[in-house]
Each structure stands twice: as structure tokens, then as C-alpha cells.
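Notes follow the structure.
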Amino acid sequence: MVANVARLKAGILISGRGSNMQALIEACRAPRFPAEIALVLSNEAAAAGLARAREAGIATRVLDHRGFGKDRAAFERALTAALEEAGVEFVCLAGFMRLLTDTFVDRWRDRLINIHPSLLPAFRGLDTHRRALEAGVRLHGCTVHFVRAAMDDGPIIVQAAVPVLADDDEARLAARVLAAEHRCYPLALRLAAEGRLAVENERCRVAGAPAPEAALINPPPA
Ligand code: GAR
């Protein structure tokens, strides 16, 4: 019999549709995946991701930030309390559209990760695909990183680059990046759960990862 190794208990914070949350939930279904989802928490009661999580049999909570007025600290204390109550050890932000203060970030330091739809540090903030098209970059992508209090900042864990194609509009580019997000986020959670990530001098080292073989060149050389 295979020993039942404890899996890392992860919590996911969402505000919307929850497709990255779904990718994490699906990854955790694999018997050998080293993490499990203990709680999905949303600041929006209407977030479509909540229904998806419930359908998957995952515990959910709603903590509406509006109920806390301007008291960010109280909202974040409630978030941490809900996560602790569910036994959460590691937190994944998946389209969670609230900025978090130092207090929350410090409580979960190096156990709090985020996915962002650009190759950070390019295009922090919103409307990343529109801005990438406007800038004329030929490679765009996504980033999973440890969270720091500054927006979309922190040691980078995984990045995927995707090409920007001639007939791209925002929707087509977003869909290509999103498909990459759904591969990157489970990979980052796996690496964290396997204890293969170390933050030193605000850079993330990944233990035991092979070097990628090729450059992604756009347009491709003949
Ligand atoms: C994702 O594209 C994620 O990278 C982005 O929100 C979307 C959520 O989609 N996050 C940010 O922009 C954070 N700065 P999802 O709810 O379907 O996962």
C-alpha cells in the first residue's frame, strides 16, 4: 500500500468566473497531486466561480468587502479567519480583484501566490491584453508570482509566453493567454506543494526544474 502523504491545504480567493480556480480544482483531483482545495472564498456573492466550486464539492465562503466599509484591516482579518478555520496553509489568488495590505501579505508571506495575465513586470494592472496589442509586443503571456503589497509584484514562479498574432483582437489574445494560465497555475501550486520553491533576495528559485529547450520566436525564422 502507498503511504498517504499529507497534501498541502490550499485556499483560493476569487472575484469572478473562476476558470483558474477550476484548473486548480481539476489538478487537485489527480490522486498524486500534492495539494487539495480546502476552501474557495469570494468577495462577490455573484461570482460565477462559486457555483463551479460548489458543483465540484468544494467548501465555499462569501466575504463581501462592502460589508466592512473602508475598514480594509477588518476585511482582511475576516479573510484570514475564514482561511484558518478551513485549515488553509497556502493561498492562491485567482482573479481576486482586491488589493491586499502589508498585514495580510505578511501573515501569508511566501504562502500567497497570484496569477496575472502578462509577462510581469510588463503590464501590471488591468486591461493587459489591450495594452499589449497597443504596445505591439510580439510575445505576451502570463505570470504566477508570490504576492507582495505592491500591485502585481513579487518573486516570479512560472511564466508562459504566447505569440501575438497579426489578426489578434483582445478576445483572441486573452483566450490564448488564458489557456496558458490554466497550465501555469496548477504547475506553480504543484511546485509549492512539493517544497521546490525558495525565495532568496526576492527572487524565486525552483529546485529540480529542467531548462526549457527552445526560444519562442515570433515571427518564426524561415
Ligand atoms: C485571469 O486572467 C487572471 O490572470 C486575472 O483575472 C482573470 C481571472 O479569470 N487576474 C488579474 O488580472 C490579477 N491582476 P478567472 O476568474 O477565469 O480565473
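The values are calculated or read from the model by the stated rules, or taken from the named source; none is laboratory data. Quick caveat: nothing in here was measured; it's all calculated off a predicted structure. Note that we place each Cβ from the backbone using ideal geometry, even for glycine, and neighbour counts take in every protein chain shown. Side chains are part of the model used for accessible areas, which takes the heavy atoms of the whole protein and leaves out ligands, DNA and RNA. Shrake-Rupley method; radii C 1.70, N 1.55, O 1.52, S 1.80 Å.
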- Look through ILE157, ILE217 and report the one residue that is among the aliphatic types (A, V, I, L, M) and under 19 Å from GLU89 (Cα atoms). ILE157
- From the residues in region 122-138 that are among the charged types (D, E, K, R) and within 16 Å of the ligand (Cβ to nearest atom), which one is surrounded by the most Cβ atoms within 10 Å (Cβ to Cβ)? ARG131
- Among the numbered conditions (1) modelled with pLDDT of 95 or more; (2) open to solvent by 90 Å² or more (accessible area, probe 1.4 Å); (3) among the small types (Gly, Ala, Ser), tell me where ALA222 comes up short. (1)
- Message: If I filter region 26-59 down to residues being of a type outside the set (A, V, I, L, M, F, W, C) and closer than 27 Å to ASP102 by Cβ, which single residue comes out as farthest from the chain's Cα centre (by Cα)?
- Response: GLU44
- Task: Would you mind stating whether GLY57 is more than 23 Å from LEU187 (Cβ to Cβ), assigned to a helix (DSSP H, G or I) and of a type in the set (Gly, Ala, Ser)?
- Result: no
- Qualifying position, being in contact with a Lys or Arg (Cβ under 7 Å, 6 or more places away or on another chain) and of a type outside the set (A, V, I, L, M), among PHE96, PHE90, PHE104: PHE90
- Checked against (1) of a type in the set (A, V, I, L, M, F, W, C); (2) in a helix (DSSP H, G or I); (3) open to solvent by less than 30 Å² (accessible area, probe 1.4 Å); (4) free of Cβ contacts under 8 Å to residues at least 40 places away in the same chain, ALA179 satisfies every condition except (3)
- Query: Restricting the search to region 184-196, which residues are touching a residue at least 60 places away in the same chain (Cβ under 8 Å) and outside any loop (DSSP other than H, G, I, E, B)?
  - Reply: CYS184, TYR185, PRO186, ALA188, LEU189, ARG190, ALA192, ALA193
- Could you say which residue among ALA86, ALA94, ALA78 is open to solvent by less than 60 Å² (accessible area, probe 1.4 Å), within 11 Å of the ligand (Cβ to nearest atom) and of a type in the set (Gly, Ala, Ser)? ALA94
- Task: Quick one: which residue in ALA214, ALA166 is on the phi < 0 side of the Ramachandran plot, open to solvent by 70 Å² or more (accessible area, probe 1.4 Å) and modelled with pLDDT of 95 or more?
- Result: ALA166
- Which members of region 7-36 meet the condition of being over 22 Å from ALA174 (Cα atoms), in contact with a strand residue (DSSP E or B) (Cβ under 7 Å, 6 or more places away or on another chain) and open to solvent by less than 20 Å² (accessible area, probe 1.4 Å)? ALA10, GLY11, CYS28, ALA35
- Message: For region 99-121, give me each residue that is within 20 Å of ARG72 (Cα to Cα), within 13 Å of the ligand (Cβ to nearest atom) and either open to solvent by 10 Å² or more (accessible area, probe 1.4 Å) or without any contact (Cβ under 8 Å) to a residue 24 or more places away in the chain (or both).
- Response: LEU99, LEU100, ASN114
- Item | Contacts under 8 angstrom Cβ, first residue in region 122-133 being under 14 Å from ASP169 (Cβ atoms), partner modelled with pLDDT of 95 or more and exposed (fewer than 14 other Cβ atoms within 10 Å of the Cβ), 6 or more apart | LEU133/ASP169
- Item | Any hit, region 34-45, residues being part of a helix (DSSP H, G or I) and of a type in the set (Gly, Ala, Ser) | no
